[in-house]
């Protein structure tokens, strides 16, 4: 869990730093100038682009997470082929893996508490699975176990990367909604009923 938090924090800090520099430059260049308004057609295009980009990042994130869970299940299957694995521990981990996806957040149930609980459950499962693999006698005779461990770790990092990308698009979407609320309402459906998107980090 620590490595995931560090990776996500680093990526977030880089993004926030970039945003601050951009805002600083814009403030210097546009000092005393009124806010630039989007023509209606450009506003529609921008909102649609941000919506599509955030949805794509979310989709890739969920696909990476699904694959990570599938590989974890496959790794547990592979362990069951070894002659001296811990049967009781294995059975508990198979059950945990089967129930994991049901605990995951979605766009309709998206909160910091939900995210934290899912991340804790995921990290706990992966650590226990890795410990089971490393403690299984003669596991080196089953090279697929090592390959799957590496693939799972890579997918775990992919999930974090797509979260950062999603937050990038979602925060831009939320800003344009806040800055152009009245203009969007005047466009009618669906622009008059758009809502801010949840993000994976707290944003001031």
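Computed from the coordinates by the stated procedures, all read-outs in this text should not be read as laboratory data. Only a predicted model underlies this, so the values are computations on that prediction, with no experimental measurement involved. Counting neighbours? That spans all protein chains shown, and the Cβs are built from the backbone with ideal geometry, glycine included.
If the chain linking residue 101 and residue 52 were pulled fully straight, counting 0.36 nm for each residue of separation and taking away their Cα-Cα distance, it would gain 15.2 nm. Equivalent-ellipsoid semi-axes for region 41-193 (Cα gyration tensor, √(5λ), whole Å, largest first): 43, 14, 10. Dividing the Cα radius of gyration of region 129-201 by 2.2 N^0.38 Å, with N the residue count, gives 1.98. Between residue 140 and residue 114, how high is the FRET efficiency from 1/(1 + (r/R0)^6) when r is the Cβ-Cβ distance and R₀ = 41 Å? Nearest 0.05. The calculated FRET efficiency here is 0.60.
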